[in-house]
Amino acid sequence: YCFPRSLQRRSSRIIYKPLKLKRKKMETQVTTVKQLPLNEVMSIGKAFAESGMFSDTKSAAQAIVKIQAGQEIGIPPFAAMTGIHIIQGKPTIGAGLIASRVKGSGKYDYRVTQNDEKACIIDFYQGTNKIGTSSFTIEDAKKAGTKNLDKFPKNMLFARCISNGVKWFCPDVF
């Protein structure tokens, strides 16, 4: 139940009447992003860079690159600014954006079976069929020289695990 904004008054008391909400079946919908002309990308990139809201974007040129990279894989400008990161001078797609593309694909899904400070294991599905498992352990991360492992081990293990799994099992989401 939830309460409506419209209220009934009886004497000096306010009485809330509960509403019954109908549950709708969740639908997967794939949307396409309209390609923006370069002058609009440049204008948006300049505004985003000047806003100071994106700490990894130091200039309008970097913002434009992030937005353009996003457009090429069907990501709208704001999502590109928050989900594509500049790491060692290269635009890199973040784990959250990767995960959302898998869930929103309508074709693939994933389930995290383990995610702790030692390992992350993710099962990938096409429809109801399991198509593979991706795992990334703390030992794998140390061998690879993964940064920020001391600060956010679960996040970093998930990021590597989801990106590997998408490369291996559902690369067509991008």
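For Arg160, the accessible surface of its heavy atoms amounts to roughly 80 Å² (probe 1.4 Å, protein chains only, rounded to the nearest 10).
Tally Lys and Arg at +1 and Asp and Glu at -1 over the other residues with C-beta under 12 Å from the C-beta of Ala60: what net charge comes out? Residues near Ala60 contribute +2 overall. A compact globular protein would have a Cα radius of gyration near 2.2 N^0.38 Å; the ratio found for segment 60-131 is 1.31. Taking one quarter of the surface of the C-alpha convex hull of segment 27-174 gives a mean projected area of 9.5 nm². Cross-link pairs exceeding 18 Å in C-alpha to C-alpha distance, out of Lys34/Lys66; Lys90/Lys118; Lys103/Lys151; Lys66/Lys142, comprise Lys90/Lys118; Lys103/Lys151; Lys66/Lys142. In the full protein context, segment 51-126 carries 50 Å² of accessible surface per residue, based on a 1.4 Å probe and ignoring ligands, DNA and RNA. Quick one: pull the percent of accessible area on segment 23-141 belonging to carbon and sulfur, 1.4 Å probe, ligands and nucleic acids left out. Summing carbon and sulfur atoms, their accessible area is 54 percent of the total for segment 23-141.
Across all directions, the average flat footprint of the convex hull enclosing the Cα atoms of segment 129-174 is 3.7 nm².
The values are calculated or read from the model by the stated rules, or taken from the named source; none is laboratory data. It should be emphasised that the depicted structure is a prediction, and the values quoted were computed from it without experimental measurement. Neighbour counts are summed over all protein chains in view; Cβ atoms, including those assigned to glycine, are modelled from backbone coordinates with ideal geometry. Just the protein is used for accessible areas: all its heavy atoms, side chains included, with ligands, DNA and RNA removed. Shrake-Rupley method; radii C 1.70, N 1.55, O 1.52, S 1.80 Å.
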